[in-house]
Structures are given as structure tokens and as C-alpha cells.
Amino acid sequence: MHPAWLPDAAFAPLGSRRVLVAPGPDAGEVGGTVVDEVRRAVAAHGGSLTVHAPGDGVLDTAALHAYDLVLAVARSAAHPTGSVAGIPLPSTEVDVFLTLLTPSDAADVATTGLDEDTFVRMQTGGATVVVAGGATGLLYGLHDVVRSGQDAFVGDRPTTTSRPAAPVRMLDHWDNVDVHPVMGQVERGYAGGSIFYADGRVRDDLSRVAAYARLLGSLGVNAVAINNVNVHRTEARLLTDGLADVARIADLFRPHGVRTYLSVSFAAPMTLGGLGTSDPLDADVQAWWAAAADRVYATIPDFGGFVVKADSEGQPGPFAYGRDHADGANLLAQALRPHGGTVFWRAFVYNHEQDWRDRRTDRARAAYDHFAPLDGRFDDNVVLQVKYGPMDFQVREPISPVLAAMPRTRLAVELQVTQEYTGQQQHVCYLGPLWHEALGFPLADDATRTVAQVVSGVPGASAPARDLTAGGITAVSNVGDDEFWTGHPLAQANLYAYGRLAWDPTTDPVAVLDEWIGLTFPDADPRVRGTLHTLMDDSWLTYEAYTAPLGVGFMVDPLRRHYGPNVDGYEYSKWGTYHFADRDGVGVDRTVATGTGYAGQYPPPWRDLYEDLATCPDELLLFFHHVPYGHVLRSGQTVIQHVYDTRADAVDVVTAWVDAWAALDGLVPDRLHARVAERLAEQVRSATEWRDQVRTYFFRKSGVPDASDRPIY
Ligand code: GCV
């Protein structure tokens, strides 16, 4: 099994030091993980570990000098014995650490508190000291030190307080227990089989799950939904007969601070319970869900909750009973409420049986039209899970207006780590920059409140301080039982970046990539780092440049499950029509004035900016407007020449990656080198196919010659 970003060598700087761990009286299993990690590191690299138990007496500042690294929990609500700057303290030794803070750091900690996940890191008296609010914070602080390598121990670093942006940082698995006849073991999975299931059941050997849990815990990911949101017959039973197996999985996630969730079927009262209805207002249905939740929590006391895809792409939901999504979500929320569980209810609802002749139906509008009117109706243990764009994880989409339209609803944004529409882990496509842009997009309150702030519950003008807690950040995972976890070894960087950006969406994604390179290829020749930056830094934009142009999306082959070009693949189909190219022009008119009205779903200034051809950003032009091929972009180029040039230039970029990677032969492990080389060859083949099909298609449609004279077929 590939160690991903946690190879033993990444622990060398920490493992060669004298380390004190004081996990506090409530250390639990996560505290045990911290101790185990340090024990393993010092055993491998010659350092020492001292575990300071609560009864071991007082540590004074002098004792600090005996260590290079101190990892201590500062607070335990259960055992307060005093306080510093308003922070309850479990034991006197912690006074020592907190009094080492400068007054301004102490003031920061006093204002915001040191909650479970938060840690303060400082350098003092020759030691690096991490003080955490709880065991999970201690785990995150430990990995913060690991990520810093030698730098954690040399020079002066300012004291930093780190806390996650959002309380829930989740990965959803679209894994099926049974191999689905069309979608396979993992729906939209490109990395082999499921790490959870094989042969129609939960695996006996779950060692990969344990290793995965460790990887996630190191990033601060704290929630995993273990089965596909399309809940088929066998998968539905995880909620009932399968609970003992779910508990085995939860046992492996728990020591890493990760809570387990299940995707459930809205029809379960009928399919599993034998009732005649799943109507959310029916008393028997309500009792069935309450009993189901009771059983889950009797087996898994820290169970996270349910993820639900309802009335979407054929999944059952409340519409069958004339009820709405709030009725449906609240039904499950009430069953989970006594146990502290949460419902993640997905907003991915649209008509997938539409008549392509009907130009008023616009898939982009659907989530807002369904959900915005329900703002304020969801219970407070419901989180509405909204894909970042209005369509479906395209390489380029505007941000979903739903995220600005529901100030009285807990919201989570959903990203896609698995590369369904971004090269299916055959193509290098580093998605950190896309997510950074999406999470940092200033969608609300006159472009002052970002998506990340909305889902983190940061108050704003449209959502004044209120008792509404945050929702979270979620994403579809990209791992499988593949040797490298992700099929394409470089796709590991996407999983890493997701975790790091879910923790802090303001982090520079190229810096995150650099961190990943350093951890995954420790002590490598500097050429490795340089070449990986060449291949990966802008690979999202390169992928965009050879696929669907200017935000229009899709153009993928339905038969090859969204892989490879098929410009008209979805045109005139029941799933929607996406580009409307004809001899005169291309793009979808989503303006209020003459189109579907989608642009009007945005708050100002975005609705005006997108509505107006003169201000609409080039990269989204064809998403919002139907324009003639000769329309001049803000870049100064015509639409048609942009399409011709960027497709061809991008293939030249990808082609150059092959030689750049070949030069690393012998500098990275052989099998990894070979796997990436094989995938790069496919990327060049596929990108070339995209280039030639898109360029040729638009030449034939428009009749406009390519000014560059490059070949068109
Ligand atoms: C799990 C897209 C994918 C489907 C997926 C769906 C969803 O349509 O192609 O495979 O279903 O999104 O997010 O529910």
C-alpha cells in the first residue's frame, strides 16, 4: 500500500527529537493515536517519547527545556481546575504552556476559546510547543509539525493559532456494496474497487480503511459517508442488517477523529420496513425512522448522521407524497435529533427527463427554484449540501446561487475530488486552484462574504449573527483499492488539497501542492519538485483549455461515462441541452432579459455582471450568453479563434509534460514513474482527440477558418 503523504521519512525531523506528549485526562482513542504516531516516529528515527499522564505532577518551565517538542491538551470541560485568560484548564501543567503565550496571542485564545479542534503552536525556551483544545486538535497540531519538517525546530516562528474553517469536513464515498451493472463497484470511481466492500459485503480485511482513516485524520477531515448516495437494494440494508459491519468501519475511523455517516434511501420504510408508504407526515413512517436511528446509535454511539439524495436522478423522495424537501429532511432530522445526529440533504435536484424542445427549462435554475423558497423551514440539524456550481462538477461553472439565497439554512458546499468530468484520473488535473477559487468566491453581501464564510456560519449583512451553526465542506472521494489509492498517483494531491483547503480555504493551493510534494517525495532530487510544479500548478486550466470552452461545460461522451469528447453528446437529450451551437453562434442565453432568467438568481453585483455581455467574465461567457462566433472577448480575441487556439496550445503543453516526466526516471520509485508515464501517454492521446474534435466541430458549424492554419479535419 502506498504511504501517500505519510511515508516514514516525512516523520524524520520529529522522530529524531525528544518529544513530550501530555494528552490530558480525556485523551480517548484520538489521544492514543497521537502517542502512537510519535512512538512510531521516534522508534524509526532515534528520538524519545515521554507521555505525561494527568497524575504525573506539575510540569514547570524548566521541565520544558528537557524536550524539543511538547504536545499538550489544554482544556477539558470535564475536569476544569482553573482558568487562564478565561480558559478552563484541566491541570496545572497547562498553565505553564498558556502563560508562555504573548499577551496578544492569549487574548486571541481567550476571545475565541480553544475548542476541541483548535491548537496553538509556539516556539519557546528552545522547544516547539503545541497546545490543543482537545485530542483532535492535538492530532492536527502533531501533523502541522510533521508538515513543517525541520523548519518546525529551527529559527523563530511566530505563534500561530489554527482552527478549521468549518466544523464538518466530509468525504462522501459513492461506493456500492454490490457491483452495480452500469456504475460498477464505485460510481464515478477511477481507482479500482472499493476500500470498504468486495464480493457483495463489507470486507473482512479493512486494513486499507485504517490506513485511509490515518491519512484523513492527518488533514483534519472529520466525517466520511461510506456508501453511494444512489442507494440500491443491498446498500440500503447497511442501515439495518449491516450495522455490525458499519460499526467495524466506524471503529477504524474513530481513532483518527473521523465520524461515520450513511447514505440512506428515502423509501427505506417501505423497502426495509414493509410499510405501505414513506410519506414524511405519516406517523408510522416517523416511528420507523426513529427506531432505525435508535438502533444505529445503540451500535455506534458517535455516528454522524445521514446523507440523502432524494427526488434526484430517480432516487425516491417526498415529492411522491406531495411533500417538499423540508418535510423530507425534517423527518430524518427528528429521528436523529435525540442522538445529536445530522442530516446532509443534497440540493442536487433537477429534471433529468426534460423535453429538449422546451427552451424554458434550464437545469442550472433547478436547485435554486426547488430550495430557495424553503429557506427557514429546515430543522437545525439539517445541512443542505449544495454542489459548488449549478450543473454538475464541470471544469468551469459559476458558483451556485443557492449558497447566497438561504441565510436561514445551514449550508454545506459539495466538491468533487473524484475526477468525473476532469479527466477521470487518467489526466493530470490538480483541482486545488478550482476549489480555492470556489471557496473564496465573494458571493454574498455585495461581494463581501465568501462561499467558505457562508458555509462556516460567518455572519454577514444578509445573515446577521444568529443561532445558526455552520454547515460544512463536503466532497466526493477519489480513492479505491488501487496500489496508489487514486489510480493516477498524482491525483493523491487532490485528496490532500481537499483536506487542507477544507481546513483553511484561504491557503494558497500551489503552496498546498508544494507541501504535498515535500511529504510524498521526501528527500527527492530537487528536479522532482520542479517538474511536478510544471505538470500540476496550472493543470486545471490546461484541462479546461482543451475541453469544453468558455464555461459551456459537458461536450463529454455519454457512452464512455463522461470521458472523452463528444461535442453533441448531450445535445437534444432528456438530460438537458448544453451549448446550442448552430451555424451562427454558440452558448446558452441565461439572461433575465432574453434567456432562461438564471442570471437573476444571483444577488448583486453578480446578477448584473453576468447579465451584461460587456461585463460577463470570458471564462463563463458561453454559460450565460449565446453569441456569434465573431464576438470579441474581453481578451480581445474572437470566440471562434479562442476556441481554435486554446485547444491546440493546450495539447502542446500536455505533450511537453511527457518528456519532462521521462527525465525523472530513477528519481522517483519505478512503479510510480511507470504509472504516471502510462497515464500521460493517455492524456496526450485524449487531449489530442478533444482538440481535433472541438476544433473540427466548430469549423464545420461556423465555416470560419482558423487564422493559425493548424490542421482541421
Ligand atoms: C451519484 C452526477 C454523476 C452521478 C452522481 C450524481 C450525484 O450526475 O454523474 O453519478 O450520482 O452526479 O451527484 O448524485
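The values are calculated or read from the model by the stated rules, or taken from the named source; none is laboratory data. Keep in mind that what you see is a predicted model, and the values were worked out from it rather than measured. Note that we place each Cβ from the backbone using ideal geometry, even for glycine, and neighbour counts take in every protein chain shown. With ligands, DNA and RNA removed, areas are computed over all heavy atoms of the protein, side chains included. Shrake-Rupley method; radii C 1.70, N 1.55, O 1.52, S 1.80 Å.
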Selection within region 418-430 - within 16 Å of the ligand (Cβ to nearest atom) and either farther than 22 Å from Val307 by Cα or buried (at least 24 other Cβ atoms within 10 Å of the Cβ) (or both): Thr418, Gln419, Tyr421, Thr422, Gly423, Gln424, Gln425
Boolean, Arg188 is touching a Lys or Arg at 6+ places or on another chain (Cβ under 9 Å) and either open to solvent by 40 Å² or more (accessible area, probe 1.4 Å) or within 16 Å of the ligand (Cβ to nearest atom) (or both): yes
Condition met for Val146 (more than 16 Å from the ligand (Cβ to nearest atom) and either modelled with pLDDT of 95 or more or open to solvent by less than 40 Å² (accessible area, probe 1.4 Å) (or both)): yes
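For region 232-243: of the residues being part of a loop (DSSP other than H, G, I, E, B) and open to solvent by 20 Å² or more (accessible area, probe 1.4 Å), which is farthest from Ala135 (Cα to Cα)?
Looking at residues that are part of a loop (DSSP other than H, G, I, E, B) and open to solvent by 20 Å² or more (accessible area, probe 1.4 Å), I get His232.
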Evaluation of Ala268 against (1) farther than 23 Å from Leu6 by Cβ; (2) more than 16 Å from the ligand (Cβ to nearest atom); (3) open to solvent by 10 Å² or more (accessible area, probe 1.4 Å); (4) not hydroxyl-bearing (Ser, Thr, Tyr) (one fails), failing number: (3)
Selection within region 619-630 - within 15 Å of Gly551 (Cα to Cα) and open to solvent by 30 Å² or more (accessible area, probe 1.4 Å): Glu619, His626
Test: Ala593 is aliphatic (A, V, I, L, M), surrounded by fewer than 14 Cβ atoms within 10 Å (Cβ to Cβ) and not in a helix (DSSP H, G or I): yes
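Are any residues in region 271-294 assigned to a helix (DSSP H, G or I) and open to solvent by 10 Å² or more (accessible area, probe 1.4 Å), and if so, which ones?
Step one: list which residues in region 271-294 are assigned to a helix (DSSP H, G or I), which gives 271, 283-294.
Correct list: Thr271, Ala283, Asp284, Gln286, Ala287, Trp288, Ala290, Ala291, Asp294.
Which residues, counting only those in region 249-265, are away from the ligand (no atom under 16 Å from the Cβ) and open to solvent by less than 10 Å² (accessible area, probe 1.4 Å)?
Ile249, Ala250, Phe253, Val258, Thr260
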Candidate set from region 658-713 (those that are of a type in the set (Asp, Glu) and in a loop (DSSP other than H, G, I, E, B)); member that is most open to solvent (accessible area, probe 1.4 Å): Asp709
Tally of residues being within 16 Å of the ligand (Cβ to nearest atom), touching a residue at least 60 places away in the same chain (Cβ under 8 Å) and in a loop (DSSP other than H, G, I, E, B) across region 220-231: 3
Some residue of region 436-444 being among the small types (Gly, Ala, Ser), open to solvent by less than 10 Å² (accessible area, probe 1.4 Å), touching a residue at least 60 places away in the same chain (Cβ under 8 Å) and within 14 Å of the ligand (Cβ to nearest atom): no
Answer from Val209, Val246, Val229 - the residue that is at pLDDT 95 or above, crowded, with 24+ Cβ neighbours inside 10 Å and either within 24 Å of the chain's Cα centre (by Cα) or not assigned by TED's automatic domain parsing to the domain that holds Thr342 (or both): Val229
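Yes/no matrix, rows are residues, columns are (1) in the same structural domain as Thr577 (by TED's automatic domain parsing); (2) of a type in the set (D, E, K, R); (3) in a helix (DSSP H, G or I):
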site: Pro604; (1), (2), (3): no, no, no
site: Arg634; (1), (2), (3): yes, yes, no
site: Asp645; (1), (2), (3): yes, yes, yes
site: Ala650; (1), (2), (3): yes, no, yes
Sole residue being in contact (Cβ under 8 Å) with a residue 12 or more places away in the chain and either closer than 26 Å to Pro7 by Cα or over 32 Å from the mean Cα position of the chain (by Cα) (or both), chosen from Asp670, Asp692, Asp649, Asp709: Asp692
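Report the residue count in region 453-475 for those that are surrounded by fewer than 24 Cβ atoms within 10 Å (Cβ to Cβ) and under 18 Å from the mean Cα position of the chain (by Cα).
4
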Failed item, numbered, when Asp584 is tested on (1) open to solvent by 10 Å² or more (accessible area, probe 1.4 Å); (2) modelled with pLDDT under 95; (3) away from the ligand (no atom under 16 Å from the Cβ): (2)
Qualifying position, being open to solvent by less than 10 Å² (accessible area, probe 1.4 Å), touching an Asp or Glu at 6+ places or on another chain (Cβ under 8 Å) and in contact (Cβ under 8 Å) with a residue 12 or more places away in the chain, among Gly499, Gly569, Gly551: Gly551
All positions within region 257-281 that are of a type in the set (D, E, K, R) and in contact with a Gly (Cβ under 8 Å, 6 or more places away or on another chain): Arg259
Helices (runs of 4 or more DSSP H) (entirely within region 401-472) containing at least 2 residues that are over 17 Å from Ala165 (Cα atoms): 402-405, 432-439
Filtered residues of region 172-185 (kept if within 11 Å of the ligand (Cβ to nearest atom) and hydrophobic (A, V, I, L, M, F, W, C)): Trp174, Val182, Met183
